[in-house]
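Each remark here refers to the structure printed beneath this line.
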Amino acid sequence: MNYLLHILIMINIYMILALSLNLLVGYTGMLSLSHAAFYGIGAYISTLLIMQKGIGFIPAFLLAIAGTTLLSFIISIPSLRLKGDYFVLASLGFQIIIFTILYNWVGLTRGPYGIPGIPRPNLFGIEIDSILSYFIFSGIIAAFCIIFLYLIGDSPFGRVLKAIREDEIAAAALGKNIVRFKIIAFAIAAGFASVSGVLFAGYMRYIDPTSFTLMESIFIVSIIIIGGTGNISGPLVGTALMIILPEILRFLRIPDAIAANMRQIIYGLLIIVILRHKPQGFSGEYRFE
Amino acid sequence: MLIQLLANGIISGCTYALVALGFGLIYNTTRTFHFAHGAIYTLSVYLFYTFFNLWKFPLLAAFILALILIAMLGILVDQILYIPLVKRGSSLLIQMLSSLGFYIVLVNLIAMIYGNETKVLSPGIQPTYNIGSVILTRIQVATGITFVLLFVGLAIILKKTNLGKLIRAMRDNPQLISVLGINPRKIRLLVFSIGSALAAFAAILMGLDVGVDPNIGMAAILNGAVAVIIGGIGNFEGAALGALLLGILQSLAIWKISSRWQEAITFLVLILFLLFRPEGILGKRRRIEETAI
């Protein structure tokens, strides 16, 4: 039962990551490889505030979202003027820079030693102390995020993003400030990624930089490629699939030493096959062309 | 001390340059962001390790065998991965992601077969040479010489031969190539084999120097790609120049700051270039219509 709940909590956390990245990739057509960096920044900001400044869970949660969103501007304002490959490479660069900072600024983040003993979230005096209550808690947050991101996607704002995806020059000709829309979309995506980070830190009660690597960013991208982008169902299907898949490998009794590699190989093959044969993913709206 | 660091930087810049030359050749001609190049880099060291260290082939035979196999693999990747996508008219982003997928598959296969630990290719202490106040190991000297020879060779091929003219023509306008009655796939074949072989040279030299683990390819391809961009897309001297610059900067960073920040510095340089000089050191500024690729 606990095992099942664990998987469901992970699905909740990754659902938010996938949906928020979807806002960039599926709606706006910008492939970002820095999502795990924002995920990590959210986790670190909330954890450090709770553990070092003694701030309560809810204010720390909100400050983590605010901090990550602000930080996203530093990154997005210079790089969103770039197009195509250059943007991808710049986002990858930021991912690596953030990881290097988390890993090497030992004075602040404890670097590779990680931060153990993160307290459980405390909501108005109620401690989320069982795995069941954490599942409910994360589920409520995830549901809220899904609704919010759905509304954004369906709003006039979301339609402008889709217009940018389809034809940037045409959208600009309609008087839309492309770069501004992109910067806002990037900030929203980063803010939601930090929500996942806070949930992750509170659930695991231990964080270290290796949870927020480039491979993690690539994993989040692969979720939405495989599930599909440009709508809400694509990323949800992708998340469920990509989180459950490795668990199936576990039941096949593949030795631990090669299981991690097997998993990566399956992800890689899925990316190649999906892009070749089903560019809208399992349940997406937007066809990558 | 400073001169020694500069020398070390130039030597590691030479290996970056070989990767960057191959990556740049492929990127410029086919517009494919060839992430798989990193996996090809990694595999070439493991092939060499298998032939030389495990099967005890003579050094030169192992080297040549690995080189040929890697050149063939480069062609194969193009045939099975990119050409079907190009035919379908997929965007460059799709090609880039597929390439990333291939990187992940190949690197994890390598890790499954050979394990994750570092393999040492040449045990023992390298003989060293003193050149003035600079001390270089034999492998370092070999790396420098190899780079110079390959660079000159590539320059002659690209600038003086008919083949090179076609490669440059394809870089400037891929459609015109087929109008000339030349199959662009032949040029792709050439570019992918030469590019992959260049990466293999760099990888094996680097492997002999510091050993190999399955993840070395990522840093190699990232350094190579950054070098191509800061050097200037569209001309091959730029890639080499960018790589040498990167090697020197990283080496100075180790001295002034710490080797742990090396990767962050690489990307900081990239981002500064993208912001202030996106056309690179040697690149020409292009009009918006020309850059819409």
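Values in this text are rule-based calculations from the coordinates and carry no lab data. Not measured: the values here are computed from a predicted model. For neighbour counting, all protein chains shown are included, and Cβ atoms are generated from backbone atoms with ideal geometry for every residue, glycine included.
Exposed loop sites, defined as trypsin sites (Lys or Arg not before Pro) outside DSSP H, G, I, E and B with at most 11 other Cβ atoms within 10 Å, are absent from the longest region of chain B, namely B:57-283. Summarised in one figure, the compactness ratio Rg/Rh of the stretch A:1-116, Cα atoms and Kirkwood Rh, is 1.00. Overall, the stretch A:2-209 carries a charge dipole of about 320 debye about its Cα centre when +1 sits on the Cβ of Lys and Arg and -1 on the Cβ of Asp and Glu, all other atoms neutral.
Using a cutoff of 8 angstrom between alpha carbon atoms and counting only pairs six or more residues apart, the relative contact order for the stretch A:2-209 works out to 44 percent.
Under Stokes-Einstein, with the Kirkwood radius over Cα pairs standing in for Rh, what whole-number D in µm²/s applies to the stretch B:117-267 at 20 °C and 1.002 mPa s? The Stokes-Einstein estimate is 121 µm²/s.
Over all directions, the projected convex hull of the C-alpha atoms in chain B averages 16.0 nm² in area. Here the scattering of the protein assembly as shown is modelled by Debye summation over its C-alpha atoms, one equal scatterer each and no solvent; at q = 0.07, 0.08, 0.12 Å⁻¹ the log10 of I(q)/I(0) is -0.42, -0.56, -1.25. Bridging of B:LYS160 to aspartates and glutamates at a Cα separation below 19 Å is possible for B:ASP172, B:GLU237, once same-chain residues fewer than 8 apart are set aside. Placing a label point 7 Å from the Cα of A:LEU174 along the Cα-to-Cβ direction, the residues of the stretch A:1-29 with a backbone N closer than 20 Å are A:23-29.
Using C-alpha pairs below 8 Å separated by at least 6 residues, the relative contact order for the stretch B:17-80 is 25 percent. The mean count of C-beta atoms from other chains within 10 Å of the C-beta of residues in A:92-98, rounded to a whole number, is 6. A Gaussian network model of chain A, with springs between Cα atoms under 10 Å, assigns the largest mean-square fluctuation among A:GLN264, A:GLN52, A:GLN95 to A:GLN52.
The equivalent ellipsoid that matches the C-alpha gyration tensor of the stretch B:17-127 spans semi-axes of 29, 15, 13 angstrom, in descending order.
Taking amide hydrogens as placed 1.01 Å from N in the peptide plane, the amide H of A:TYR286 sits under 5 Å from those of A:THR229, A:GLY230, A:ASN231, each at least 5 positions away in sequence or on another chain. Mind listing which chymotrypsin sites (Phe, Trp or Tyr not before Pro) in the stretch A:97-197 are in a DSSP loop and have 16 or fewer other Cβ atoms within 10 Å? Taking the stretch A:97-197 and a limit of 16 other Cβ atoms within 10 Å, the loop chymotrypsin sites (Phe, Trp or Tyr not before Pro) found are A:TRP105, A:PHE124. For peptide B:89-98, the mean count of partner chain Cβ atoms within 10 Å of a residue's Cβ comes to 6. Per residue, chain A reaches -24500 deg cm²/dmol at 222 nm when only DSSP H runs of four or more residues are counted, each adding -39500 (n - 2.57). Consider all pairwise Cα distances in chain A and report the whole-number % of them above 32 Å. Tail fraction, whole percent: 22. Per-residue ellipticity at 222 nm computed for chain B from its helices equals -24500 deg cm²/dmol, with DSSP H segments shorter than 4 residues left out and the rest contributing -39,500 (n - 2.57). Across the stretch A:23-34, rounded Karplus estimates of 3J(HN,Hα) from the backbone phi angles (6.51 cos²θ - 1.76 cosθ + 1.60, θ = phi - 60°) give 4, 7, 6, x, 8, 9, x, 10, 8, 10, 9, 10 Hz, Gly and Pro being marked x.
Relative intensity of the stretch A:106-214 on a log10 scale, I(q)/I(0) at q = 0.09, 0.11, 0.17 Å⁻¹, equals -0.39, -0.55, -0.91, per a Debye sum over C-alpha point scatterers of equal strength in the absence of solvent. Neighbouring Cβ atoms from other chains, within 10 Å of the Cβ of residues in B:266-278, number 4 on average. Too long at a 20 Å Cα-Cα cut-off: which of A:LYS162/A:LYS182; A:LYS83/A:LYS162; A:LYS176/B:LYS284; B:LYS87/B:LYS186; B:LYS56/B:LYS119; B:LYS165/B:LYS186? Beyond 20 Å between Cα atoms: A:LYS176/B:LYS284. Between the amide H of B:LEU282 and those of B:GLY232, distances stay under 5 Å, these residues lying 5 or more places away or on another chain, with hydrogens modeled in the peptide plane.
When only Cα pairs below 8 angstrom with a gap of at least 6 residues are kept, the stretch B:2-283 shows a relative contact order of 38 percent.
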